[in-house]
Amino acid sequence: MTYQTITSETKGAVTLITINRPEALNALSTKVLSDLMEAFSVFGDDDTQHCAVITGSGDKAFAAGADIKEMVDKPAADFFLEDFFSGWNKLTASIRKPWIAAVNGFALGGGCELAMMADFIIASENAKFGQPEIKLGVGPGMGGSQRLTLAVGKAKAMDLCLTGRMMDAEEAERAGLVARIVPHDKLMKEAMKAAETIATMPPMAAMVNKEMVEAAFETTLTQGLLHERRLFQILTATEDKAEGMKAFVEKRAANWKGR
Ligand code: CO8
């Protein structure tokens, strides 16, 4: 499959997706969204692929936001009638397998929002995060006001959204936005290593663990605990549960069936 604005390659059981518009700091145009939709659909349908990594091409940016040049002359009615940006919600909802954002530089506006859609973020020490949309006369449109607030709390989310300032990798990690910071030149190696580790896990259990954690953002503690317990109980019916526990007792490596 060839794409106009991204590349997608399989490396063993990991799919590496790279936003490839370095001349526009990987700005997220409508075409990037449709290419990502296609690439993630291929990833989801491929039984040999168990984790994905998304990053930005070049050394400077993961993605510097939604494509401002695409929005500058667009009438308000078109934003509404097209339900502009709603495709990003569909994209996120459609990805059932784990995926990691490897943030190599600017992750601003929609770029920060895309990174937050991933299951977790591994950041280069050069990464910079922000929601600077206020400086354009708008606000986050791809989930930033919600996901950032859930990730870092009201105080910092308000600070970032209202001042439009950027947060460096250290601050982002302290705030809980980023899972790990790695040296810039080791970013892809470390992100791929994390993805490869996930890809060695029993695939249904990986999908279910993702769903369990996601539920924490959607529901009450009582409902979430029940949801977790039921999912746990469903996993106990899998061949991989039988194999995983038997392999532990027999002190050998497990041989996953993926069901
Ligand atoms: N969209 C389009 N092009 C961009 C974008 C972008 N978001 N960001 C950078 N570019 C382009 C520049 O225009 C420039 O192109 P050219 O060479 O043709 O002039 C090229 O990338 C390089 O950028 P700079 O020269 O600006 O590079 P600098 O190193 O000087 O600055 C920055 C880097 C600080 C990242 C700067 O480019 C910048 O501030 N970018 C914009 C960041 C931003 O505001 N992002 C938020 C965008 S809006 C959004 O994401 C959600 C909007 C929600 C709207 C809701 C409506 C319903």
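The values are calculated or read from the model by the stated rules, or taken from the named source; none is laboratory data. All of these numbers come straight from a predicted model, not from anything done at the bench. We place every Cβ from the backbone using ideal geometry, glycine too, and count neighbours over all the protein chains shown. Heads up: the accessible areas ignore ligands, DNA and RNA and are worked out on the full protein's heavy atoms, side chains in. Shrake-Rupley method; radii C 1.70, N 1.55, O 1.52, S 1.80 Å.
Before moving on, here are some points about what is shown:
- Any helices (runs of 4 or more DSSP H) falling wholly within segment 69-133 and containing at least 3 residues that are surrounded by fewer than 24 Cβ atoms within 10 Å (Cβ to Cβ) and not aliphatic (A, V, I, L, M): 76-81, 86-94
- Among residues of segment 26-57, those that are within 16 Å of the ligand (Cβ to nearest atom) and open to solvent by 50 Å² or more (accessible area, probe 1.4 Å), counted: 2
- Pairs where the first residue, in segment 185-198, is farther than 14 Å from A118 by Cβ and the second is of a type in the set (D, E, K, R) and surrounded by fewer than 17 Cβ atoms within 10 Å (Cβ to Cβ), C-beta under 7 Å, 6+ apart: M192/K11
- Scanning segment 159-169 for residues that are under 19 Å from the mean Cα position of the chain (by Cα) and more than 15 Å from the ligand (Cβ to nearest atom) yields a total of 1.
- Among residues of segment 194-216, those that are within 17 Å of I54 (Cα to Cα) and surrounded by fewer than 15 Cβ atoms within 10 Å (Cβ to Cβ), counted: 1
- Subset tally (residues that are within 24 Å of the chain's Cα centre (by Cα) and free of Cβ contacts under 8 Å to residues at least 40 places away in the same chain) for segment 58-81: 1
- When residues of segment 114-148 are limited to those that are near the ligand (Cβ under 8 Å from one of its atoms) and aliphatic (A, V, I, L, M), the one farthest from W88 (Cα to Cα): L136
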